[in-house]
Every structure is written in structure tokens, then in C-alpha cells.
Amino acid sequence: MRFLGNIEAKTDAKGRAFLPAVFRKELQKAGEERLVMRKDVFQDCLVLYPESVWNSQLDELRQRLSRWQSASQQVYRQFVSDVEIVVLDGNGRFLIPKRYMKMAGIVQEVKFIGMGDTIEIWSKSMTEEPFMQAEDFKQALESLMGQ
């Protein structure tokens with residue numbers, strides 16, 4: 001599964017949005033019917049994980065954390081406690097709960113950004129400026145990949 005690109009959309013008065021067709025096609029090709037939504041750990045956006053990707057990430061996280069250490073249990077609990085299972089309706093729509101819209105600063109206009117194996121949902125206003133300045137991006141990429 002490779003979700004790529006960015007697509008602008010709007011939510012309706014109830015907080016429903018259409019998952020872009022290009023992303024729905026990727027899900028269908030992979031046989032995925034359910035998604036898991038949570039607030040991103042680092043940014044003010046929402047992340048949609050296909051269920052298989054979510055399960056793989058949970059397995060990886062669980063392997064790195066000890067069930068017998070309080071701090072590990074707190075991290076795991078925080079990661080899994082505030083998620084929503086998302087199932088698209090027959091029209092390809094899904095509900096973004098109000099608390100999630102508030103967490104991500106979403107009013108009505110959103111931008112879906114394909115991040116490879118996940119999909120981010122941003123408030124459109126948060127994406128009007130580039131995530132990184134061109135020169136900073138060039139230097140970061142060169143530093144990471146130029147070795």
C-alpha cells in the first residue's frame with residue numbers, strides 16, 4: 001500500500017468527510033476495510049492507519065516495551081487509548097469525531113496527505129505554509145541520504 005499526494009476536501013456539518021478516491025482504491029486493492037484514527041504523536045494532525053498497518057505498529061511498540069515497567073505501560077496505554085475505528089460508508093465517507101477535529105484544529109477544510117502506509121488529515125490552514133523551507137529541506141535530505 002502506498003498512499004501518495006495531497007488532496008483538499010471539506011467536512012460537512014456533522015464532521016463527515018469523503019476519503020479521496022485514490023486512497024480508497026489503495027485500500028480496496030489491499031483488501032482493507034477498516035482504518036484506525038488517532039491524533040499524531042508529533043504534529044497537530046490526525047492519522048488514518050489501515051488496520052493491518054496499525055496492528056503491525058502495535059506489535060512493534062509492544063515488543064519494545066515491557067509489560068512489567070510502569071513507564072512502558074503508560075506509553076502503550078497513551079498510544080492505544082484514544083483511537084477510533086473508522087469504516088467507510090457506501091459513499092466513501094467517514095466521521096471525524098468532534099474531539100478529533102478540535103485536537104487537529106479542523107474547522108471545515110481539510111487536506112489529506114498520503115504518507116506511504118498511512119494517511120494524514122490536516123486542517124487546510126495548517127498546510128498553507130511549507131512544512132520545511134526549501135533550503136532546510138535540501139540540507140536535511142542531503143544529510144540523511146548523502147552518506
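The values are calculated or read from the model by the stated rules, or taken from the named source; none is laboratory data. Keep in mind the model is a prediction, meaning the values are calculated, not measured. Positions of Cβ are backbone-derived with ideal geometry, glycine not excepted, and every protein chain shown enters the neighbour counts. The protein model used for the area step is the full one, side chains on, heavy atoms only, and it has no ligands, DNA or RNA in it. Shrake-Rupley method; radii C 1.70, N 1.55, O 1.52, S 1.80 Å.
Against the conditions (1) aliphatic (A, V, I, L, M); (2) open to solvent by less than 60 Å² (accessible area, probe 1.4 Å); (3) at pLDDT below 95, where does residue 96 fall short? Just the number, please.
(3)
Return only the number of the condition from (1) more than 18 Å from residue 19 (Cα to Cα); (2) of a type in the set (Phe, Trp, Tyr); (3) in a strand (DSSP E or B) that residue 131 does not satisfy.
Of everything listed in (1) more than 18 Å from residue 19 (Cα to Cα); (2) of a type in the set (Phe, Trp, Tyr); (3) in a strand (DSSP E or B), residue 131 misses just condition (3).
Of all residues being within 18 Å of the chain's Cα centre (by Cα), more than 17 Å from residue 37 (Cβ to Cβ) and among the hydroxyl-bearing types (Ser, Thr, Tyr) in the stretch 106-147, which is most open to solvent (accessible area, probe 1.4 Å)? Just the residue, please.
Restricting to residues being within 18 Å of the chain's Cα centre (by Cα), more than 17 Å from residue 37 (Cβ to Cβ) and among the hydroxyl-bearing types (Ser, Thr, Tyr), the top hit is 125.
Among the numbered conditions (1) open to solvent by 50 Å² or more (accessible area, probe 1.4 Å); (2) part of a loop (DSSP other than H, G, I, E, B); (3) closer than 30 Å to residue 132 by Cα, tell me where residue 67 comes up short.
(3)
Which members of the stretch 12-60 meet the condition of being basic (Lys, Arg), open to solvent by 50 Å² or more (accessible area, probe 1.4 Å) and part of a strand (DSSP E or B)?
16, 34
Show the residue pairs meeting these rules: Cβ distance below 8 Å; 6+ apart or different chains; first residue within the stretch 123-147 and within 27 Å of residue 46 (Cβ to Cβ); second residue loosely packed, with under 11 Cβ neighbours inside 10 Å.
Partner pairs satisfying both residue conditions: 137/130.
Find the residue count for the stretch 107-121, including only residues that are out of contact with any Phe, Trp or Tyr (no Cβ under 8 Å at 6 or more places or on another chain) and of a type in the set (A, V, I, L, M, F, W, C).
1
For the stretch 70-117, how many residues meet the condition of being part of a strand (DSSP E or B), over 14 Å from residue 18 (Cα atoms) and not charged (D, E, K, R)?
The qualifying residues number 3.
When you scan the stretch 118-127, do you find a residue that is modelled with pLDDT under 95, charged (D, E, K, R) and within 21 Å of residue 18 (Cα to Cα), even just one?
Yes: the stretch 118-127 contains one or more residues that are modelled with pLDDT under 95, charged (D, E, K, R) and within 21 Å of residue 18 (Cα to Cα).
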